[in-house]
Amino acid sequence: MPIIGLYIGYAIAFALRGQNIVEIVQRSPSFIAGTFFFAILISAILYQFFRQKALVAMAEAERERERARAFAAEKQSLDAQLRALQAQVEPHFLFNTLANVASLIDSSPQSAGRMLARLIELLRARLGASRAAFASVGQEVELVRAYLDILAIRMGDRLHYSIDVPAQVLPLPLPPLLLQPLVENAIRHGLEPKVEGGHVNLVATIDAQTLRFDVVDDGLGFAPTTAGGVGLANLRERLRGLFGDHARLLIEEMQPGTRVRVELPLPRA
């Protein structure tokens with residue numbers, strides 16, 4: 001095709017200049033050979049150019065397939081971590097709560113009924129969260145509130161809590177079961193071992209690029225260089241898998257107590 005195109009181009013050019021291409025070829029036979037080899041050179045260049053583009057496109061397509069396979073494997077890993085986290089948390093918490101309900105039935109039936117009702121709400125919320133890729137901040141906050149209500153009945157005056165989450169944050173998407181491990185960690189490591197108990201606060205803040213959650217307690221605390229237990233270790237891996245380097249989990253000693261902070265990128269509009 002380049003050879004034919006070249007000759008057609010020459011014919012048109014010579015015709016526009018008022019020259020006869022047949023006479024030119026007769027006067028200079030080398031014209032045919034020169035143009036032929038020139039066309040071969042152009043053809044070779046064009047072939048290499050388009051071949052290289054095709055190879056690049058094929059390599060990019062293969063990279064996309066590899067990324068898709070890696071994403072699918074990462075999602076399976078995250079799902080497995082979420083199921084492992086549920087398996088670690090639910091039996092221990094469930095059995096303790098049911099034992100508390102049984103012990104309160106005679107001495108404080110109203111507290112037993114309230115604890116059982118909140119447990120049902122909590123388990124229903126956890127079941128829904130475990131089946132969804134993302135929940136909302138509002139759903140996660142209600143799950144935390146139900147959890148803390150149960151602990152407040154169980155611990156009595158030893159536990160006080162507050163939740164400060166702005167209304168504009170509540171509809172934002174959030175990975176399921178992200179906030180409860182933070183609160184549970186604060187109580188298990190900080191407040192339950194402390195004789196007089198204490199306070200735990202969940203605070204959410206937002207700026208132009210970051211959604212931030214702080215869980216602050218005034219309990220015994222733990223070293224800020226540790227992962228804070230299996231729950232936070234699993235959570236850190238989940239955040240890395242979901243957001244890469246755009247999310248952080250920070251542990252800070254407060255004296256007294258501990259602050260655990262999660263920073264997430266705001267979802268794109």
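Numbers for the structure displayed
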quantity	calculated
For TYR147: the one exception among (1) farther than 22 Å from GLY219 by Cβ; (2) of a type outside the set (Val, Ile, Thr); (3) part of a helix (DSSP H, G or I); (4) in contact with an Asp or Glu (Cβ under 9 Å, 6 or more places away or on another chain)	(1)
Qualifying residue in the stretch 113-134 (condition: more than 31 Å from the chain's Cα centre (by Cα), part of a loop (DSSP other than H, G, I, E, B), modelled with pLDDT of 80 or more and not aliphatic (A, V, I, L, M))	no
Where a residue in the stretch 43-63 is polar (S, T, N, Q) and its partner, wherever it lies, is modelled with pLDDT under 80 and not in a helix (DSSP H, G or I), with Cβ under 9 Å and at least six apart	SER43/MET1
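So that you can scan it fast, the table gives a plain yes or no per residue for (1) of a type in the set (Gly, Ala, Ser); (2) modelled with pLDDT under 90; (3) surrounded by fewer than 20 Cβ atoms within 10 Å (Cβ to Cβ):
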{"position": "GLN180", "(1), (2), (3)": "no, yes, no"}
{"position": "VAL183", "(1), (2), (3)": "no, no, no"}
{"position": "THR205", "(1), (2), (3)": "no, no, yes"}
{"position": "GLY228", "(1), (2), (3)": "yes, yes, no"}
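The values are calculated or read from the model by the stated rules, or taken from the named source; none is laboratory data. Note that the coordinates shown come from a computational prediction; the quantities given were computed from them, not determined experimentally. As a convention, Cβ positions derive from the backbone with ideal geometry for all residues, glycine included, and neighbour counts pool all protein chains shown.
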